[in-house]
Amino acid sequence: MISFFLCLFVLILGYFIYGRIVENIFHPDDRETPAIRLEDGVDYVVMPSWKLFLVQLLNIAGLGPIFGAMQGALWGPVVFLWITFGTIFAGGVHDYFSGMLSERNDGYSISEVTGIYLGSGMKNVMRLFSVVLLVMVGTVFAVGPAGLIVELLGNGGTGGILLSTRFWTILILAYYFLATFVSIDKIIGKIYPVFGICLIIMAAGVAFGIMTDSSYSVPEIWSGWTNMHPDGTPIWAFMFVTVACGAISGFHATQSPLMARCMKSERQGRFVFYGAMTAEGVIALIWAGAGCAIYEVRDGLSAGLAEILSSGQSAAIYDVCSKTMGGIGVALAMIGVIVCPITSGDTAFRSARLTIADWAGLDQNNWKKRLMLCVPLLFSGLLISFLDYSVVWRYFSWTNQTLAMIVLWTASMYLYREGKSWILTAVPAVFMSAVSATYFLSAPECLGLAASLSYPFGIIIAIAILGLFLRSALKGRKGI
């Protein structure tokens, strides 16, 4: 368990040291924020720092850092390294710049911010990517918790319509409609901080259960430095796409503008954006640790974990909660796990509404115009909910990491134009470009090419994107 605690320590230390470096390079100042300058009582509403942090954490912490981290644990304790260093050098940087660049540009959605720095062509790509991703996220985070509720009620002896996943999915989508439509401080600003505390307590409970039960032992990285995936799925680039929200996630860039519109001061940015990402990294580390510690390893492979995951994410999460806490702890943990995706799903649809509104120039002060966007968005989510959940999740994962790649290149262009250290964002941007390209080339649901082709071509594509970035940056600099 030494390596687990080392990673936890490094992760927290990263917030205080590297997070400060990132903040100093961006250099927040005392300019008037959009929340004050553009206050409208609907989307632009000033909130205190503690509330911004908890709402941002719930916005970004869906099922990704829980179920994604458990899936990542199939590769063994090596996943701890990706969660730790991915959070510090990629995820935290990504979230901070997506939030602060939105704040510097009137709280615009990430697609509009991308257009400012990478041009209109990329803006249109991001508009499409963002809306598709957000609707998929909202749907995934409706079907997922619906299954968890059914799992909880089924174990409690309840029957009838309450054991219908479809019933709970529709009910959750109805709530999403309400949360997407009303002012951000009516539901999200009032009750999310409470749910944020539940989420933190839940993660702490799972961690405590692992550490106090002598039958569980988190394996050390140095003793499990092999690929432990039972199906032989390669670490590169599959693990880096599977564990998205616990290390770096493009979905976060769609959520950060929500809080960018509610900040009283730019100096809140590191705590709100980098801090929430760090907290999510801690949650992912705990759930990955649980996946590695609780389930049987056979012949050097994570066979026991694969078996429980094959029963579905609902069964897997319930099983971890019952094994680590039991009794009242199960109810508390399940509430946290159910609330976690729901509180990301509703803001996903809210972000989709704002993205389309920015795209079409629709004033969201008018309730009729908000309604005009909310109805088709939620109806689209209902239709997607009928598709195979596992297929939707896989495409969501790749789209998610590709969007993160584009946001990092956007931040790099901003830093380049400002004459600041653009290497800070360009390095993780190149890395994520290689990850996204390789996954697209090699994944069965995409092109399905052999590793001998997908690996080198993925790296070549990443280098080519870097070349295009430098060419565009130099061309822009000459025109200044």
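The values are calculated or read from the model by the stated rules, or taken from the named source; none is laboratory data. Given the structure is predicted, the values throughout are model-derived calculations rather than measurements. Cβ coordinates were reconstructed from backbone atoms using ideal geometry, including for glycine residues, and neighbour counts include every protein chain displayed. Surface accessibility is based on the protein's heavy atoms, side chains included, excluding ligands, DNA and RNA. Shrake-Rupley method; radii C 1.70, N 1.55, O 1.52, S 1.80 Å.
Search the stretch 244-255 for residues being part of a loop (DSSP other than H, G, I, E, B) and of a type outside the set (Gly, Ala, Ser), and hand back the single one that is surrounded by the most Cβ atoms within 10 Å (Cβ to Cβ). For the stretch 244-255, the residue satisfying everything is 248. Residue-level check: of (1) of a type in the set (Gly, Ala, Ser); (2) at pLDDT 85 or above; (3) open to solvent by less than 30 Å² (accessible area, probe 1.4 Å), residue 351 misses just (2).
Only one entry of 298, 261, 267 meets the criterion of being closer than 25 Å to residue 108 by Cα and surrounded by fewer than 18 Cβ atoms within 10 Å (Cβ to Cβ), and that entry is 267. The set of residues in the stretch 270-295 being touching a Ser or Thr at 6+ places or on another chain (Cβ under 9 Å), open to solvent by 10 Å² or more (accessible area, probe 1.4 Å) and farther than 29 Å from residue 219 by Cβ consists of 271 alone.
Looking at this structure, is residue 153 under 21 Å from the mean Cα position of the chain (by Cα) and either at pLDDT below 80 or more than 25 Å from residue 320 (Cβ to Cβ) (or both)? In short, no. Taking residue 362, is it surrounded by fewer than 18 Cβ atoms within 10 Å (Cβ to Cβ), modelled with pLDDT of 75 or more and more than 30 Å from residue 237 (Cβ to Cβ)? Yes; evaluated as a whole, the condition is true for this residue.
Given 218, 241, which one is crowded, with 18+ Cβ neighbours inside 10 Å, touching a Cys at 6+ places or on another chain (Cβ under 7 Å) and either of a type in the set (Val, Ile, Thr) or free of Cβ contacts under 8 Å to residues at least 12 places away in the same chain (or both)? Exactly one of 218, 241 is crowded, with 18+ Cβ neighbours inside 10 Å, touching a Cys at 6+ places or on another chain (Cβ under 7 Å) and either of a type in the set (Val, Ile, Thr) or free of Cβ contacts under 8 Å to residues at least 12 places away in the same chain (or both), namely 218.
Out of 241, 297, report the one residue that is of a type in the set (A, V, I, L, M) and under 20 Å from residue 137 (Cα atoms). Testing whether each residue is of a type in the set (A, V, I, L, M) and under 20 Å from residue 137 (Cα atoms) leaves just 241.
As a summary of the residue check, residue 375 satisfies the conditions (1) open to solvent by 20 Å² or more (accessible area, probe 1.4 Å); (2) closer than 27 Å to residue 284 by Cα; (3) β-branched (Val, Ile, Thr) except for the one numbered (2). Is it the case that some residue within the stretch 339-349 is aromatic (Phe, Trp, Tyr) and within 18 Å of residue 259 (Cα to Cα)? Among the residues of the stretch 339-349, at least one is aromatic (Phe, Trp, Tyr) and within 18 Å of residue 259 (Cα to Cα), which makes the answer yes. Of all residues in the stretch 423-433, those being under 18 Å from residue 24 (Cβ atoms), open to solvent by 60 Å² or more (accessible area, probe 1.4 Å) and in contact (Cβ under 8 Å) with a residue 12 or more places away in the chain number 1. Evaluate the stretch 113-136: report whether one residue or more is at pLDDT 90 or above and either in contact with a Phe, Trp or Tyr (Cβ under 6 Å, 6 or more places away or on another chain) or of a type in the set (Asp, Glu) (or both). Looking for residues that are at pLDDT 90 or above and either in contact with a Phe, Trp or Tyr (Cβ under 6 Å, 6 or more places away or on another chain) or of a type in the set (Asp, Glu) (or both), one finds at least one in the stretch 113-136, hence yes. Among the residues of the stretch 93-125, those identified as farther than 15 Å from residue 412 by Cβ, touching a Lys or Arg at 6+ places or on another chain (Cβ under 9 Å) and assigned to a helix (DSSP H, G or I) are 102, 103, 104, 111, 112, 115. Selection within the stretch 435-478: residues that are farther than 18 Å from residue 425 by Cβ and charged (D, E, K, R). The member of this set that is surrounded by the most Cβ atoms within 10 Å (Cβ to Cβ) is 445.
Taking every residue in the stretch 39-56 that is on the phi > 0 side of the Ramachandran plot and pairing it with any residue that is not β-branched (Val, Ile, Thr), at least 6 positions away or on another chain, the pairs with Cβ-Cβ distances below 9 Å are 41/183; 41/185; 41/365.
The residues of the stretch 92-108 that are open to solvent by less than 10 Å² (accessible area, probe 1.4 Å) and hydroxyl-bearing (Ser, Thr, Tyr), listed by number, are 96, 98, 102. From the list 340, 321, the lone residue that is at pLDDT 80 or above, within 23 Å of the chain's Cα centre (by Cα) and more than 26 Å from residue 235 (Cβ to Cβ) is 321. Screening the stretch 180-215 for residues that are at pLDDT 75 or above and in a loop (DSSP other than H, G, I, E, B) and picking the one that is least open to solvent (accessible area, probe 1.4 Å) gives 213.
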